[in-house]
Amino acid sequence: MTASAPPVVSIRGEMLRMRIRSVRAFVHQFSRKPAGVVGVAVLAVFTALAVAPELIVGPLQTVTTAPGAHLEPPSVAFPLGTDSLGRSVVNLVVWGTRVSMIIGLLATVVTVVLGALIGIVSGFVGGWVDGLLMRITDMFLVLPTFVLALILAPIILDIVGRDAELFGIRVTLIVIVIVIGVTSWASTARVIRSQVLSLKERAFVDRARVIGSSGGHIMRRHLLPNVINLLIANTVLTFAGAVLTETTLSFIGLGDPFQPSWGQILNDAQTGGAPGLGAWWWVVGPAACIVLVVLAFTLVGDALDQILNPRLRGRR
Amino acid sequence: MTHPTDPLHLAETIVEEEHELADFDRVREAAEQEDAAVPAVLPTAIGRRQWPLPKQADPTAPLLVVEDLKTYFKLESGMVHAVDGVSFRLDHGEALGIAGESGCGKTTTALSLVRILPSNAVTVGGSIRLMGIDLVKKSENALRRYRWREISIVFQGAMNALNPVIRVRDQIAEPIEHRLGLSQKASRKRAGELLDLVGIPKKRGNAYPHELSGGMRQRAMIAMALACDPAIVIGDEPTTALDVMVQAQILDLLDDLRRKLGLSLILITHDLSVIAESCDRVMIMYAGKVAEEGTVAEVFRHPRHPYTQKLLSAFPNIHADRRTLDTIPGSPPDLREPPPGCRFAPRCPFVMAVCSEVVPPETTFHGIRVACHLYPEGSDGEPVTVPTADAIGVTTTEVS
Amino acid sequence: MGTRYFGRKLTGALITIVLIVLFNFFLFRMMPGSPERALARNPHIQASVLAETRARWGLDKPLFPDQFLAYVAATTQGDLGYSLKFEGQTVVDVLATHFWPTVILFGVGEVLAAIIGLALGAYTGWRRGGPIDLVGNAFSLILYSMPYFVIGMLLLVVFATGLRWFPTSGMLSLGASHASPIDVFVDFLAHFTLPVATVAIGLIGQYSILMRSSVIETLSEDYVTTARAKGLTDGRTLRSHVLPNALLPAVTLIAINLGYVVAGAITVEIVFNWPGLGTLTVDALSSRDYSVLQGSFLLLSITVVFANLAADFLYALLDPRVKA
């Protein structure tokens, strides 16, 4: 940006205006998808719970601060009863929202970054790099997530130590994040790669190559912006999957009892014998939350997919 | 016969004048020799129908009379007036070409006849009388009786129009078995004969669609359209997806079948040379309405409607005295809110004040129907020629 | 079926299996609690004892090629080592005894889910936009959003502890003496119903959504328009033209899924204490029975590879276009 500063500024301005216009068009299109709007509303409620659980149900209850008796059925004081330690299930579920959502978010970030990176590089570079990366991707596609998670969790804990913390999240939960990321990037990479392959054939990539842009520049400046739509829809769907995987991993005992997620609460309920004792209230709350959040993400993801996915665009 | 000039004669004159088309001739000759060996297993003339007429049919009524047909598409953003008051007539053994730019409603018009339309399309008015029976009034169930048995369709892309997982012969036999009630064995036998008729060896009937070449697939599609010996065959851009040589072969096949079997044909295409070669009459459509309709010879030699003139000069090898291609500036109107007057007015080089206010009525001169304010009722109907180059800024070379 | 297609797919599967075996080797060399690590962590251990142990386990040899080759040789001969928890039993034996309960549970569950899910999906897709589609699709989406263990726990709460129709856990009643094989079977069925219902319900949503979108996509194909133009009845169009094509991707995905389901739905076994591979795997982790864990990881990964291969062949069998 030297002598031609003014036109650059006006081009910038024009681009900004185009951006705003396309965002407006997108919001308009999205508002026409009732399922997507419902999904957004549900997610807004859960985000509020995750941001400020303290305002709604007070501090997280522990064994020492448990206000109720052992397995009290629902009452006015405890709308969803108490668990075996006498903690209010509502309190646990609301606090569980934060844990579940944060793990879901972090796991999604890991998945999408890894998947996008490998997908773009593989598709753009091609040749043996592509062949090798796709073989590895295929392998990760077939690895059984939960078994791999069971194996990876103790390895990672062994390496970093059991009581470490990262951003205020206990390391057992970070392990879950890494495990989800490692086991689910492969499908994102596949989707992105196929999109990059088709983009590569288009003129603008050739043009960039002709004017001497480096591979890295083309990938960052030309390919990434063009796969971003696909990536956004994929991210939302990945989030739904991440929340599901997190609950399942916590349920099979990889969670952290000190920072209970919904899956951890259900794990406690299972080991505490809730189904056998008929303590349905211990199960129903976290179960409903899991279903609602996953459903909401799926609905939003589908709506985004319909609007943003070039393959689906133009169809009903 | 209603048409004074033999369209084939016209086509041949054009071929003579335009040497680029010489290939067509050669291909036709070759195809004719080939066809001499093809046995005629189907009725070869009108009135020799193998299957009874529909019960309500009036044998004295014309084959097909469409009046003021209106088919709209419901979209979230409004009603698309895709076909807006189209009338035409088709007689026994006649070939009618429908031409126009894509999106002008030609396909929708043809598919409206047996209501093979997307679910958001609805025929809101007009009548379609097939042998005197109004198909618009028929319920979906009652209309099924007329599909394929009376009106069959050769679709554009045979690759997609044929089911990829069913053998070609079985796809041809299917309507014979299920619509005419023949046994499976008899249906397959007949399907084999039909394959023979369109020039595909019987054995190839065992193939799946993807195992046949593009031309073969289109032949199979034609065989399928003939399966129930229909009164009318609609060709919906039957040759568009094919390369030029194969196109010519398919057109010749259609022509031959028409003559042999006495078929009545509606040919939809944007390629005017196809119509010149194989149709008796032509109907030019623009933005859901008929612009001009008449015999191929008259319409192509003396186009009256400015749109017809533009369309003809936009095609190579048709207008003998023009060498360069003409273009029509602008694009067709938004059919959700069509312009109040003539729909071509915004693009018309002759536009007058009246054009953007009053819908031009259809008037008839010497068998030519035209909807344009240049030719009001009571005028002599002499063609007014569009000024070419100057008006639109395209340089053309006149060859006299 | 073309041999080239067959060969290409088989080669791909073999390469993936080789990669899995490789990955498995290095993964378990990193596991905490291996003999070497356990010894090295003990500050009182004498160097000579450590060296002796290392020699006994072959750990003094370089990781590559010696250790790796020994591992590959053993693995290809079906020798996966010995279980720590089930003393004296080979990993292969332990896996084998836990294999059949899993196969029965997921086999029957898959078949039920495929039949119900595909039928539901086909119907809702065919009647898309109608009231049945709305309800059916919402129902499928909700099922799709439920992890297996949530379904299992809810079924337990309602039908086992609430209504007391079914027992809560296991495959057969413990300590019960069965008079005849029929009694055994009845007892088995009582234990089997809820777990198999859980597996089926967990999959129905997924299959129904898949089939629905496949049917809707097929309905927009030109050959369906051709079928309508032929004047065929709706039923015949659906049976001969829509379903055969719509089933192609659905059946293939179900075959692929077969491999993942076993690994992904191990939570069902935990909820119902079903003596299958899932329960075995989780138990192996808590008892640090790494050789069993390694074995089940290998078994489950390879199952997925074979399921994928089966799907490819099934596709080639069903779709005449895949033959080159």
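Values in this text are rule-based calculations from the coordinates and carry no lab data. Since this is a predicted model, take the numbers as computed values, not measurements. For neighbour counting, all protein chains shown are included, and Cβ atoms are generated from backbone atoms with ideal geometry for every residue, glycine included.
The table that follows gives values for the structure above.
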{"item": "Calculated FRET efficiency for the pair B:MET79/C:ASP222, C-beta based, R₀ 30 Å, to 0.05", "result": "0.75"}
{"item": "Cross-link pairs B:LYS137/B:LYS260; B:LYS55/B:LYS202; B:LYS185/B:LYS260; B:LYS260/B:LYS289; B:LYS70/B:LYS310 - those with Cα-Cα distance over 28 Å", "result": "B:LYS137/B:LYS260; B:LYS55/B:LYS202; B:LYS260/B:LYS289"}
{"item": "Selected from C:THR11, C:THR233, C:THR267 as most flexible by GNM, with chain C as the system and alpha-carbon contacts under 10 Å", "result": "C:THR233"}
{"item": "For the stretch C:121-139 versus the stretch B:186-259, the gap between their alpha-carbon centres in whole angstrom", "result": "38"}
{"item": "Between the stretch A:38-66 and the stretch A:257-296, the Cα center-to-center distance that results, in Å", "result": "15"}
{"item": "Cα Rg over Rh - the stretch C:110-242, Kirkwood", "result": "1.17"}
{"item": "DSSP-defined beta bridges in the protein assembly as shown - what % are antiparallel, rounded to 5", "result": "65"}
{"item": "For C:THR3, B:THR364, B:THR239, A:THR183, order by how many other beta-carbon atoms lie within 10 Å, fewest first", "result": "C:THR3, B:THR364, A:THR183, B:THR239"}
{"item": "Rounded, prolate or oblate (a/c below 1.5 giving rounded, otherwise prolate when a/b exceeds b/c) for the stretch A:52-182 by Cα gyration tensor", "result": "prolate"}
{"item": "Spin-label pair C:ALA190/B:THR240, simplified geometry with 7 Å Cα→Cβ offset, distance in nm", "result": "6.9"}
{"item": "Three-way shape label, chain A, alpha-carbon gyration tensor, a/c 1.5", "result": "prolate"}
{"item": "GNM flexibility winner over chain C from C:ALA70, C:ALA229, C:ALA310 (Cα, springs under 10 Å)", "result": "C:ALA229"}
{"item": "Chain C, helix-only ellipticity at 222 nm - DSSP H runs n ≥ 4, -39,500 (n - 2.57), divided by all residues, nearest 500", "result": "-23500 deg cm²/dmol"}
{"item": "Approximate spin-label separation A:ARG24-A:GLU54, in nm, with each point projected 7 Å along Cα-to-Cβ", "result": "4.1"}
{"item": "At R0 = 25 Å, FRET efficiency that the Cβ-Cβ distance of C:SER180 and C:VAL111 yields, to 0.05", "result": "0.35"}
{"item": "Inter-chain Cβ neighbour average for residues C:278-287, partner chain, 10 Å", "result": "3"}
{"item": "Unit charges at the beta carbon, dipole of chain A: most positive-side option, A:TRP128, A:VAL177, A:ALA25", "result": "A:ALA25"}
{"item": "Partner chain coverage, peptide C:150-163 - average Cβ within 10 angstrom", "result": "5"}
{"item": "Solvent-free Debye scattering, log10 I(q)/I(0), computed from the Cα coordinates of the protein assembly as shown at q = 0.04, 0.06, 0.10 Å⁻¹", "result": "-0.29, -0.63, -1.26"}
{"item": "Difference of contour (0.36 nm per residue) and Cα-Cα distance, A:VAL76 to A:SER213", "result": "42.6 nm"}
{"item": "Cβ charges +1 (Lys, Arg) and -1 (Asp, Glu), total dipole of chain C, debye", "result": "780"}
{"item": "Estimated distance in nm for a label pair at B:ASN206 and A:THR62, the labels positioned 7 Å out from Cα along Cα-to-Cβ", "result": "7.9"}
{"item": "Alpha-carbon centroids, the stretch C:185-210 and the stretch B:114-172: separation in whole Å", "result": "44"}
{"item": "Rounded, prolate or oblate (a/c below 1.5 giving rounded, otherwise prolate when a/b exceeds b/c) for the stretch C:245-308 by Cα gyration tensor", "result": "oblate"}
{"item": "Per-selection Kirkwood Rh - chain C (Cα, Å, 1 d.p.)", "result": "23.0"}
{"item": "Helical contribution to [θ] at 222 nm, DSSP H n ≥ 4, -39,500 (n - 2.57), averaged over chain A, rounded to 500", "result": "-24500 deg cm²/dmol"}
{"item": "Among A:GLY123, A:GLY68, A:GLY13, residue whose mean-square fluctuation peaks in a GNM of chain A (springs only between Cα atoms under 10 Å)", "result": "A:GLY13"}
{"item": "Unit charges on C-beta of K, R, D, E only; dipole of the protein assembly as shown, Debye", "result": "1360"}
{"item": "Peptide A:150-157, shielding by other chains (average Cβ, 10 Å cutoff)", "result": "5"}
{"item": "Using a Förster distance of 56 Å, the FRET efficiency for C:THR3-A:VAL45 (Cβ separation, nearest 0.05)", "result": "0.45"}
